[in-house]
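The values are calculated or read from the model by the stated rules, or taken from the named source; none is laboratory data. What you see is a predicted model; the values in this text were computed from it and never measured. Here the Cβ is made from the backbone with ideal geometry for all residues, glycine too, and neighbour counts use every protein chain on show.
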Amino acid sequence: MDLSCCLLKSYPVMKIRLLSLALVPLMLAGCNHAARHEMGGNAPVAEEFVALKTLSGTSWILISLEGLPLAPIASDAAPLSLEFSTDAKEVIGYSGVNRFAGRYDQEGASLQFGPLSLTRRIGPADLQEIEGRFTRILSGASGWRQNGKTLQLLVAGRVGAILAPAASTK
């Protein structure tokens, strides 16, 4: 049997395989872009992983509410966020339309937020709806757990929100 005959017959298959391999980096880059887009436009997300014992001094970006990925928001909009202070049991954040601040109490896996003070801005209806869901989850939070790099806020034993670590701006 002639070797050139076999090579010619398999040429289209080899061409498809090579093309597929060439597209893998492009597909991975697109997935990374989509993941960052889901995290609030161009919001910087931390790359390193650290197992947490306390939430003190950590900053987070909301990526999922009540089991659904957060809908993409405008690239110039601030990401929905949550930041735990290092020196006091205070939390600050942005909930889509308004900024908020309040107290939190964390002991082990238990987590509760005290009353949150929100600014009183009015925004688009879709963002106000997301803000209402986010602040209800914060108000009803009873615990937290870390799942890989993400923080899960628990409400009545279920995951209410998932947050990704925010990149340090220091």
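Some points to look at:
- Meets criteria (assigned to a strand (DSSP E or B), out of contact with any helix residue (DSSP H, G or I) (no Cβ under 8 Å at 6 or more places or on another chain) and surrounded by fewer than 17 Cβ atoms within 10 Å (Cβ to Cβ)) for Gln128: no
- Qualifying residue in the stretch 6-24 (condition: of a type in the set (A, V, I, L, M) and modelled with pLDDT of 55 or more): no
- Criterion applied to Arg136, Arg145 was being of a type outside the set (S, T, N, Q), part of a strand (DSSP E or B) and surrounded by 13 or more Cβ atoms within 10 Å (Cβ to Cβ), and the one residue passing it is Arg145.
- Residues considered: Asp105, Asp76. Of these, the only one that is surrounded by fewer than 16 Cβ atoms within 10 Å (Cβ to Cβ) and at pLDDT below 95 is Asp76.
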